[in-house]
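Take a look at the structure set out below.
The values are calculated or read from the model by the stated rules, or taken from the named source; none is laboratory data. What you see is a predicted model, and the numbers here were worked out from it, not measured in a lab. All Cβ positions, glycine included, derive from the backbone under ideal geometry; neighbour counts span all protein chains shown. Surface accessibility is based on the protein's heavy atoms, side chains included, excluding ligands, DNA and RNA. Shrake-Rupley method; radii C 1.70, N 1.55, O 1.52, S 1.80 Å.
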Amino acid sequence: MASTSRGEALALPRVTCPNHPDALLVEDYRAGDMICPECGLVVGDRVIDVGSEWRTFTNEKATKDPSRVGDAQNPLLNGGDLTTMISKGTGAASFDEFGNSKYQNRRTMSSSDRAMLNAFKEITTMADRINLPRNIIDRTNNLFKQVYEQKSLKGRANDAIASACLYIACRQEGVPRTFKEICAVSRISKKEIGRCFKLILKALETSVDLITTGDFMSRFCSNLGLPKHVQMAATYIARKAVELDLVPGRSPISVAAAAIYMASQASAEKKTQKEIGDIAGVADVTIRQSYRLIYPRAPDLFPTDFKFDTPVDKLPQL
């Protein structure tokens with residue numbers, strides 16, 4: 001009978017021999033037993049060997065994979081990846097009288113699993129390109145699996161569905177990306193992603209939070225290399241413009257870009273419309289249109305503690 005040491009209250013129980021508690025137990029890997037070397041008592045049986053199932057010798061090729069247990073189980077695929085591969089027969093018992101193999105492998109993966117696996121790889125590739133964390137990839141995979149199993153978007157390309165699922169997952173996780181940012185890492189047009197986006201929301205009966213100017217401000221300003229005080233001023237300008245209803249019907253992305261342009265022009269870190277447009281993914285004319293709407297109320301939009309390098313009345317009028 002096994003006893004445990006009482007000195008380690010918070011540690012895992014340690015198996016010891018009741019007659020020789022200080023003896024180092026010997027593990028018999030072949031039988032799966034733990035044996036006391038002092039008295040030969042089998043203290044524990046059916047011990048699981050957590051080591052490798054193979055040995056590597058010096059004359060073996062390093063590229064050869066000796067594993068026989070396959071990949072880790074993927075809960076997103078049907079069947080839990082439980083498949084059996086039959087090797088090519090060598091003896092006479094492996095062939096019939098016509099020389100054909102008696103035991104043949106069927107397709108090891110169904111077409112639906114293969115399609116989902118390819119989509120998961122594409123999702124991971126797209127997410128890696130824009131540095132998205134693992135939790136967004138997992139949510140995207142689950143969304144794609146739900147849509148694929150419902151067969152509610154038949155006729156749509158899996159790449160388009162995967163791109164739309166990635167866009168939805170980003171918004172649901174509170175780190176939204178623009179359609180153009182998703183287009184840049186996929187091979188799908190913005191229009192097609194938008195269509196799939198609406199169809200998926202309808203099919204899954206889900207919703208996403210409305211995007212605001214603050215969702216993009218920190219990332220845009222960081223990519224532009226603007227200091228913290230300019231970012232805070234741009235955030236304040238965009239929020240005040242929305243509160244005063246100066247930009248009705250305008251996209252939050254274009255409002256954020258116009259606010260960044262106004263804040264940068266008032267500071268020493270000036271940025272052009274093209275520089276901001278390249279980062280925000282909007283055209284120069286779009287920034288100008290939003291800027292013209294907020295320019296007449298510029299004195300009311302800046303925070304009171306903002307230090308102007310260029311006075312408000314000297315800002316570009318466009």
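Summary of computed values
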| read-out | value |
| --- | --- |
| Given LYS145/LYS202; LYS198/LYS270; LYS191/LYS228; LYS88/LYS145; LYS151/LYS198, the pairs whose alpha carbons are separated by over 27 Å | LYS198/LYS270; LYS191/LYS228; LYS88/LYS145 |
| Leading residue at positive end of dipole, the range 200-265 (Cβ point charges), from MET262, SER207, THR235 | MET262 |
| Order of exposure, largest accessible area first, which applies to ILE237, ILE279 with probe 1.4 Å | ILE279, ILE237 |
| Size of electric dipole in the range 161-318: Cβ of Lys, Arg +1 and of Asp, Glu -1, about Cα centre, debye, nearest 20 | 440 debye |
| 5 angstrom amide H check on ASP309, placed H, neighbours 5+ away | SER267, ALA268 |
| Only Lys, Arg (+1) and Asp, Glu (-1) charged, at Cβ; the range 234-297 dipole about Cα centre in debye | 140 debye |
| Three-way shape call for the range 185-318 based on the alpha-carbon gyration tensor, with the a/c threshold at 1.5 | prolate |
| ALA203 versus ASP128: modelled label distance in nm, points set 7 Å from Cα along the beta carbon direction | 2.6 nm |
| Accessible area of GLU243 in the full protein assembly, 1.4 Å probe (Å², nearest 10) | 120 Å² |
| The range 133-240, dipole about Cα centre (Lys/Arg Cβ +1, Asp/Glu Cβ -1), debye to the nearest 20 | 260 debye |
| Within-12-Å neighbourhood charge of ILE253 [Cβ basis; K, R +1; D, E -1] | +2 |
| Protection-proxy order for peptides 135-141, 171-177, 263-269, each taking the mean of Cβ atoms within 10 Å per residue, highest first | 263-269, 135-141, 171-177 |
| Carbon + sulfur, % of accessible area of the range 83-227 - ligands and nucleic acids excluded, 1.4 Å | 48 percent |
| Computed over the range 166-231, Cα set: Rg, Dmax in Å | 13.9, 43 |
| Heavy atoms of THR213 accessible to a 1.4 Å probe, total area in Å² rounded to 10 | 20 Å² |
